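The values are calculated or read from the model by the stated rules, or taken from the named source; none is laboratory data. None of these values were measured; they are calculated from a predicted model. Note that we place each Cβ from the backbone using ideal geometry, even for glycine, and neighbour counts take in every protein chain shown. Calculation scope for accessible area: heavy atoms of the full protein, side chains included, ligands and nucleic acids excluded. Shrake-Rupley method; radii C 1.70, N 1.55, O 1.52, S 1.80 Å.
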Amino acid sequence: MSVFLLLVVVGLCSAQYNPNLNENRTSIVHLFEWRWEDIAAECERYLGPNGFGGVQVSPASEHLIMENRPWEERYQPISYKICTRSGNEKQFRDMVTRCNNVGVYIYVDIVMNHMTGYGAGIGTSSTCGSYFNSGARDFPGVPYSRLDFNDKKCRSSNGGIDNYNDAYQVRDCQLLGLLDLALEKDYVRGKIADYLNNLISIGVAGFRLDASKHMWPGDIKAILNRLNNLNTKWFANETKPFIFQEVIDLGGEGISASEYFGNGRVTEFKYGVKLGNVIRKWNGEKMAYLKNWGEGWGFMPNGKSLVFIDNHDNQRGHGGGGASILTFFDSRLYKMGVGFMLAHPYGFTRVMSSYRWPRYFVNGKDINNWMGPPSNADGSIKTVTINADTTCGNDWVCEHRWPQIKNMVIFRNVVDGEPFSNWWDNDSNQIAFGRGNKGFIVFNNDDWNMDVTLKTGLPAGSYCDVISGQKEGTKCTRKQISVGNDGSARFQISNTSEDPFVAIHVNAML
């Protein structure tokens with residue numbers, strides 16, 4: 001083996017692209033701002049039985065308590081104690097154990113770029129009561145001191161980021177006034193690695209690295225190199241934690257997502273932006289153009305990407321978003337977007353699960369997008385209640401419980417590893433494609449009815465459509481599709497249907 005090839009192999013081994021999911025599970029869900037106790041219950045009662053592979057949870061480190069309790073307080077660390085608005089360390093440990101025991105793994109959102117902002121002041125207004133003095137850069141709960149921040153290294157005039165084309169400013173200056181940690185320091189790297197290794201010992205499977213664009217890839221790599229292998233109670237020997245890095249790269253800036261491939265997967269923000277444009281039929285886009293979706297659209301390599309329709313930032317109109325982003329507020333289009341994502345082989349998929357807030361627009365901007373999760377009068381997060389129809393109460397949206405989305409998570413599990421096949425389109429917004437001989441999906445996003453006979457690649461038989469209903473016992477609860485001996489089937493989809501798409505797979509065959 002040449003030295004070059006040896007270096008390539010070593011590089012691939014050290015990067016952590018594998019989500020470590022249980023067999024026959026392919027997607028994770030972001031239970032944004034859920035309590036640890038509610039996540040544990042959801043793993044046991046719903047996520048495990050319905051084939052979800054894991055949960056991205058909100059940051060687990062002690063954080064600032066802000067006035068009116070906005071969601072962003074979770075991203076303002078005070079220490080690395082597991083003590084948050086979602087619960088304490090005992091509840092966190094119980095959640096990890098219970099979820100792991102039903103094959104649903106936990107991925108923690110990690111804030112390691114910064115500590116709370118300079119405007120936080122002095123005091124103990126934090127979720128565990130730790131003292132801090134942001135002006136003095138004093139965080140004894142870690143501890144960090146003035147020596148551990150990038151104040152002297154920043155090249156901008158005001159300590160913040162003036163120019164996103166300047167990679168030094170983006171990585172060495174303060175993001176939104178948050179105190180930028182000096183990640184090149186061995187001491188700082190050690191404190192962060194200790195925190196992550198504590199989470200690994202508890203049993204988590206991996207990490208989302210918040211604000212990765214604002215950290216040097218080499219600094220991230222140096223921290224990751226200190227991480228232990230995963231807990232062998234649930235994972236095979238020598239299993240490394242899954243890493244996915246938040247890098248907002250829509251082009252035109254000084255930092256590229258590709259700079260982070262050496263550390264693990266990277267969030268592909270172009271995915272939701274461009275698919276939103278297509279499904280909304282903006283700028284002349286058509287679903288017929290999706291035939292070469294993925295790398296053919298300028299996306300990062302398949303094995304490096306984590307994909308999503310929306311996330312907690314861009315569903316609020318910021319963080320690499322824009323008006324094209326599909327959210328639960330556009331439920332009809334949203335279900336089509338998520339359905340397409342879960343059927344298509346590109347990328348590792350993450351489903352969003354949100355809470356409602358009262359949108360109020362001023363000059364095109366939602367001025368309520370700061371609002372935190374459904375809360376009690378004392379600021380504690382409300383429990384996620386489950387209604388008789390399996391939807392959620394207390395203003396929790398729970399998109400992952402929408403039958404169409406849950407059934408498409410199962411669809412993806414069934415077709416995992418099968419090739420993209422049997423593409424069809426009408427040169428407009430009616431499309432269909434299969435996944436080998438395991439599944440087939442059809443969309444009608446045109447303004448007229450669809451009635452076509454298509455080659456599915458599936459074995460002959462009767463199948464339950466898993467969008468309008470599902471297979472229960474020996475019957476379909478709603479629409480049924482008959483596949484002939486030649487693998488063809490007739491699809492009739494009204495353009496006025498609430499869910500103008502149909503999906504069938506071999507596990508939904510009668």
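Remarks
- When each of the peptides 485-491, 373-379, 304-310 is scored by how many other beta carbons lie within 10 Å of its residues on average, the order from highest to lowest is 304-310, 485-491, 373-379.
- Full-stretch length increase - ARG155, THR391 - with 0.36 nm per residue and alpha-carbon distance subtracted: 79.9 nm
- Whichever lysines have a C-alpha closer than 27 Å to that of LYS153, once near sequence neighbours (fewer than 8 apart) are set aside: LYS185, LYS191, LYS213, LYS221
- Taking every C-alpha pair closer than 8 Å and separated by at least 6 residues, the mean separation divided by the residue count of segment 140-226 gives a relative contact order of 27 percent.
- Counted over the chain, the DSSP beta bridges are approximately 65% antiparallel.
- Within the shell defined by Cβ-Cβ distances under 14 Å, the residues around GLN245 carry a net charge of 0, with Lys and Arg each +1 and Asp and Glu each -1.
- Straight-line cross-link reach from LYS152 at under 15 Å between alpha-carbon atoms covers these aspartates and glutamates, not counting any fewer than eight positions away in the same chain: ASP172, ASP180, GLU184.
- Dipole of segment 272-325 computed with +1 at Lys/Arg Cβ and -1 at Asp/Glu Cβ about the Cα centre; of TRP293, TRP282, ILE325, farthest Cα towards the positive end is TRP282.
- Neighbourhood charge, 12 Å Cβ-Cβ cut-off, centred on TYR271 and excluding it, Lys, Arg +1 and Asp, Glu -1: -1
- Over the chain: helical MRE at 222 nm, DSSP H runs n ≥ 4 each giving -39500 (n - 2.57), nearest 500: -6000 deg cm²/dmol
- Residue-normalised accessible area of the chain, given per residue in Å² at a 1.4 Å probe: 38
- Relative contact order [Cα under 8 Å, 6+ residues apart], the chain, whole percent: 12
- In terms of the mean number of neighbouring beta-carbon atoms within 10 Å, the peptides 173-180, 471-478 order highest first as 173-180, 471-478.
- Of the solvent-accessible surface of segment 36-177, computed with a 1.4 Å probe over protein heavy atoms with every protein chain present, carbon and sulfur atoms account for 48 percent.
- The simple spin-label model puts a point 7 Å past each Cα toward its Cβ; for ASN426 and LEU176 those points are separated by 4.3 nm.
- Summed side-chain charge close to GLU44 - residues other than GLU44 whose Cβ falls under 13 Å, Lys, Arg +1, Asp, Glu -1: -2
- Cα centre as origin, Lys/Arg/Asp/Glu Cβ charges: the chain dipole, Debye: 600
- Axial C-alpha extent at least 15 Å, average Kyte-Doolittle at least 1.0 - helices from the chain (DSSP): 3-14
- Considering only ILE223, TYR463, VAL397, the residue lying farthest towards the positive end of the dipole of the chain is TYR463, judged by Cα position with unit charges set on Cβ.
- Reachable lysines from LYS438, criterion Cα separation under 23 angstrom, eight or more residues apart if same chain: LYS291, LYS335, LYS406, LYS455, LYS471, LYS475, LYS479
- Whole-percent carbon and sulfur share, accessible surface of segment 354-421, 1.4 Å: 52
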